[in-house]
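Following: one structure in structure tokens, then a few remarks.
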Amino acid sequence: MTDAAASLPVRRLSNWNAAELQMLVDDYGSPLYVLDLERVRENYRRLAAAFPDAEILYAVKANALGDVLATLREEGAGLECASAGEVQRALEAGASGSAVHYTAVNPPARDLDWIVDAWDDHPELTVTAGSADTIDRLADRGYDGRLCLRVNPGIGAGHHEKVQTGAAAKFGVPAERAVSVLKDAADRGFDVVGIHAHVGSGVSSDQLDDHREFVARLGELARDVNEALRASNSQTGSEATRETSELEFVDVGGGFGVPYRKDEEPLDLASVADATREALGEVDARLTIEPGRYFVADAGVLLTEVNTVKEGRDTVVAGVDAGMTTLIRPAMYDAYHPVRNLTVDAAPDSGTAGSSAAEGRETIPQTVAGPICESGDVFCSDRDLPASERGDLLAIGNAGAYGYEMANQYNSRPRPASVVLDGEDSRLSRRRETVDDVTRVEREARTVRD
Ligand code: LLP
């Protein structure tokens, strides 16, 4: 599906094959998410090669499509899940309990009930708690399985303030309280296996110092925790089992940034890996990482059809059938996503010097806007693109991470379909919703009520 770009460290929007993408929309309609599983594998293998001795979990929230989870499982990734729903998806994708980590952030009772039930069948799953309160709620439900503590190291990084988690009060137990919370949990019979923190999402190379400082704090904490656990073990005189003596892993979270703009370079993974190992220092525990975006961002595009072209007062607007309900990142974080006119690029003589398709379309600044009744519903403003015509197909790049996952039904808009590519094959992975899907839950409530 790409033009000779298979093993590049970054796949740009220009590397996708325009004619093939057009054919997918002919078959499956627009808007359409397309996700290339081979690219997901390449991304996994590159990262795994840079971190050969680390355990790798995939942060399911970046893209929870069953095909993605199954692909990454086959590659050897564990799955980090943010909710009972994600755990269910992980198990449905064939993950064993030992491959599943559930990260509880102010967990709804329904999630905890579900997880503790699932633990009966999958006693090897790991729960990461972000507060002593959550540990109490687990204990109330009879859980004394594998427990990891999310700590708040007081340092955050990431592409936007809304995704810098490492210092946000909402996440984790302040690092200085972690030893006593963990000691207490171990004394109460929990199987204390790890500590965890996540600095934020979309960390770039120029934030490497923050990453280093963040990991150094976790390394220091891991040494303190191990010492405390060993001491508590020798005091109680219990057998030196792994459960009571030492941490099994230190999870430094995800956050590996990817380039969205043409002129941005990919992360130098070797330096990130070196910085991580060096900052962590000597710790009797395995290093765990849990990236999401890195595996899927450039493996996905969103295809959308132009349905309206009009001259505004200061800009030409290309109205498209996808909107902030399909891909919310530009509206929510002012995130930049590349946009490409596939109809122009797929024209038979496009690219030939002096060709009619290339020549006939002037490049002009355009605002690409969706169908939602909010002024924030734009993918880009005044971006230089070939003059759009009604019926053109546009591709929005780097849509594989936090694209469909954050899609919603605002304005009662059904969510789009998702297609996966796997080598030469393409298949529907999730069907397009219909208006009937959108209104069904209300109709069902009426049936119960009446
Ligand atoms: N681990 C935890 C506990 C997390 O909360 C996250 C992301 C990750 C791992 C994976 O981070 P990644 O490697 O994907 O950066 N919706 C935002 C991103 C929010 C990330 C939330 N947590 C966006 O579209 O940029």
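The values are calculated or read from the model by the stated rules, or taken from the named source; none is laboratory data. Keep in mind that what you see is a predicted model, and the values were worked out from it rather than measured. Heads up, the Cβs are rebuilt from the backbone with ideal geometry, glycines too, and the neighbour counts pull from every protein chain shown. We work out accessible area using only protein heavy atoms, side chains counted, and drop any ligands, DNA or RNA first. Shrake-Rupley method; radii C 1.70, N 1.55, O 1.52, S 1.80 Å.
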- line: Within the stretch 136-175, the count of residues that are polar (S, T, N, Q), open to solvent by less than 30 Å² (accessible area, probe 1.4 Å) and within 11 Å of the ligand (Cβ to nearest atom) comes to 1
query: Does the stretch 152-174 contain at least one residue that is in a helix (DSSP H, G or I) and in contact with a Pro (Cβ under 8 Å, 6 or more places away or on another chain)?
result: no
message: For the stretch 371-384, which positions are closer than 25 Å to VAL296 by Cβ and in contact with a Lys or Arg (Cβ under 9 Å, 6 or more places away or on another chain)?
response: ILE372
task: Determine whether the stretch 321-340 contains at least one residue that is outside the structural domain of PRO386 (by TED's automatic domain parsing), assigned to a loop (DSSP other than H, G, I, E, B), open to solvent by 10 Å² or more (accessible area, probe 1.4 Å) and aromatic (Phe, Trp, Tyr).
output: no
statement: Restricted to the stretch 36-94 and to residues being more than 18 Å from GLY400 (Cα to Cα) and out of contact with any strand residue (DSSP E or B) (no Cβ under 9 Å at 6 or more places or on another chain), the residue surrounded by the most Cβ atoms within 10 Å (Cβ to Cβ) is ALA50
field: Candidate set: the stretch 341-350, residues that are part of a loop (DSSP other than H, G, I, E, B) and open to solvent by 30 Å² or more (accessible area, probe 1.4 Å); chosen: the one nearest to the ligand (Cβ to nearest atom)
entry: SER350
field: Identity of the residue in the stretch 222-245, acidic (Asp, Glu) and assigned to a helix (DSSP H, G or I), that ends up modelled with the highest pLDDT
entry: ASP224
- prompt: Based on what the data block shows, is GLY300 at pLDDT 95 or above, within 13 Å of the ligand (Cβ to nearest atom) and out of contact with any helix residue (DSSP H, G or I) (no Cβ under 8 Å at 6 or more places or on another chain)?
  reply: yes
query: Within the stretch 402-422, can you find the residues that are touching a strand residue (DSSP E or B) at 6+ places or on another chain (Cβ under 7 Å) and small (Gly, Ala, Ser)?
result: GLY403, ALA417, SER418
